[in-house]
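Take a look at the structure set out below.
The values are calculated or read from the model by the stated rules, or taken from the named source; none is laboratory data. Note that the structure is a prediction, hence the values are computed from the model and not measured. All Cβ positions, even for glycine, are placed from backbone atoms using ideal geometry, and neighbour counts span all protein chains on display.
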Amino acid sequence: MHRLLFAVAVAATILAAAPAAAQQPVLTPSRRAAPVIVTPTPGATAIEGVTLTALSAPLPNASVRLRDVRSGRVTDATTSDKDGAFTFLRVDPGSYLVELVDRDQNVLAASPMLNLNAGELISTIVKLPLRMPAAGLLGRGAPTLLAVVAASAAAGVLASTTPGQPVSPVR
């Protein structure tokens, strides 16, 4: 019995190696695309990016502003193009956030913190968050309450209490 298992294992190893060798890709010389190298003007520093909806679609004509993290001041503002792209040119080295704002200048989304050194070009993405309904996933009302109570009863929850002493004075 052991000899049979050993013979099967050896045969499986040999068969497994044969197709692997046959499936090796054949490399043929082809025209390779030239790499894209972005080098800003010497001494120039810039931040570029794209604004996206919550579903990752481009967000055209969005108002974005550049905020210096150290001072908290807004240093520049612009509007994204039809593809959601924007650029801040001639930015001083430092730490920045790119904020996506509405008409009333309320922040809707922000980029991660960007640490910019002299002569660098940094790219970022500013994406709107997925919004939840104001009342939550279930909403409020009698049907929701009945659904929660029924699910709790089905799960075996008979009562709910808060452990410990009451923190509010009792009258």
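Tell me, which residue of the stretch 76-90 that is among the aliphatic types (A, V, I, L, M) and modelled with pLDDT of 95 or more is farthest from GLU48 (Cα to Cα)?
First pass over the stretch 76-90, keeping only residues among the aliphatic types (A, V, I, L, M): 77, 85, 89.
After this cut, where a residue has to be modelled with pLDDT of 95 or more as well, the list is 77, 85.
Working: ALA77: 12, ALA85: 7 Å.
Top of the filtered list is ALA77.
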Contact list, first residue from the stretch 100-124 and at positive phi, second anywhere and in a loop (DSSP other than H, G, I, E, B), beta-carbon distance below 9 Å, six or more apart or interchain, is GLY119/THR39; GLY119/PRO40; GLY119/THR41; GLY119/PRO42; GLY119/GLY43; GLY119/ALA44; GLY119/THR45; GLY119/PRO93
Take the residues of the stretch 56-104 that are of a type in the set (Asp, Glu) and not in a loop (DSSP other than H, G, I, E, B): which is nearest to ASN115 (Cα to Cα)? ASP68
Close pairs (7 angstrom Cβ cut-off, 6 or more residues apart or separate chains): touching a residue at least 24 places away in the same chain (Cβ under 8 Å) and within 12 Å of ILE125 (Cα to Cα) in the stretch 45-71, part of a strand (DSSP E or B) and among the polar types (S, T, N, Q) anywhere: ILE47/THR124; GLU48/THR87; GLU48/SER123; GLY49/SER123; GLY49/THR124; LEU59/THR51; VAL64/THR51; VAL64/THR78
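For the stretch 86-114, what are the residues that are loosely packed, with under 14 Cβ neighbours inside 10 Å and closer than 12 Å to THR124 by Cβ? Reasoning before the result, please.
Of all residues in the stretch 86-114, those loosely packed, with under 14 Cβ neighbours inside 10 Å come to 90, 92-93, 95, 102-107, 112-113.
If the condition is that a residue be loosely packed, with under 14 Cβ neighbours inside 10 Å and closer than 12 Å to THR124 by Cβ, then PRO112, MET113 are the ones that fit.
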